[in-house]
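The values are calculated or read from the model by the stated rules, or taken from the named source; none is laboratory data. Model, not experiment: these values are computed from the prediction. Positions of Cβ are backbone-derived with ideal geometry, glycine not excepted, and every protein chain shown enters the neighbour counts.
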Amino acid sequence: MSLRLKDLMRGLSGVSVVTTGPYYPDTEELTGLALHVSPVDSSGVPVDETNPIPVYEPLFTTADVTQTRINTATSGDTTLVAGVASQTTRVHSLRLNVAGAVIVQVKTGSTIREVFNFAGNGGSMVLDLRDRPYYKTAANEAFIINLSTNVQVDGVVEYVTSA
């Protein structure tokens, strides 16, 4: 049986093809009894145990999500999700509404992950619920917002805590 290389590669992306038989470039035909297809990363390097495919931790169902209301008007750090020993927190949704001009820093532990600058009353920010987390803490690390001034901030954070 012979197989045209372009027919084999149609619909395949991100893979390298290795055959056990000869390849005849002038006819674009492959011969041989076995065909091995290996995934490759974006730079063309084969994926294996030394070069694994990056994996993120998806949200399997919305039943996994814990929801916490945000209600603060105090400048400085406000812990939204306390750190848990041997557990990480993955934030899948965040909504903020402000009653005045304020800068809100989103932090994991002491590390600033994102900054939102609200110009005045009625400002809002929404990171919609999705399966891939927006932020992930290290084990035993809190998820925090920091307000630049005493302004009322309301909202919701939706997250999953797990090992």
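Quick notes
- Within segment 67-85, residues that are part of a loop (DSSP other than H, G, I, E, B) have Cβ atoms under 6 Å from residues that are of a type in the set (A, V, I, L, M) and crowded, with 17+ Cβ neighbours inside 10 Å in these pairs: Ser75/Leu147; Ala82/Ala142; Gly83/Ala142, counting only partners at least 6 apart in sequence or on another chain.
Listed here are the residues, each with its yes/no results for (1) modelled with pLDDT under 95; (2) surrounded by 12 or more Cβ atoms within 10 Å (Cβ to Cβ); (3) touching a Phe, Trp or Tyr at 6+ places or on another chain (Cβ under 9 Å).
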position	(1), (2), (3)
Ala73	no, yes, no
Leu80	no, yes, yes
Gln87	yes, yes, no
Ala101	no, yes, yes
Val115	no, yes, no
Asp128	yes, no, no
Ala142	no, yes, no
Gln152	no, yes, no
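- The set of residues in segment 95-114 that are of a type outside the set (D, E, K, R), closer than 15 Å to Thr78 by Cβ and outside any loop (DSSP other than H, G, I, E, B) comprises Leu96, Asn97, Val98, Val102, Ile103, Val104, Gln105, Val106, Thr108, Ile112.
- Among the numbered conditions (1) free of Cβ contacts under 8 Å to residues at least 60 places away in the same chain; (2) aliphatic (A, V, I, L, M); (3) in contact with a strand residue (DSSP E or B) (Cβ under 6 Å, 6 or more places away or on another chain), the only one that Leu129 does not meet is (1).
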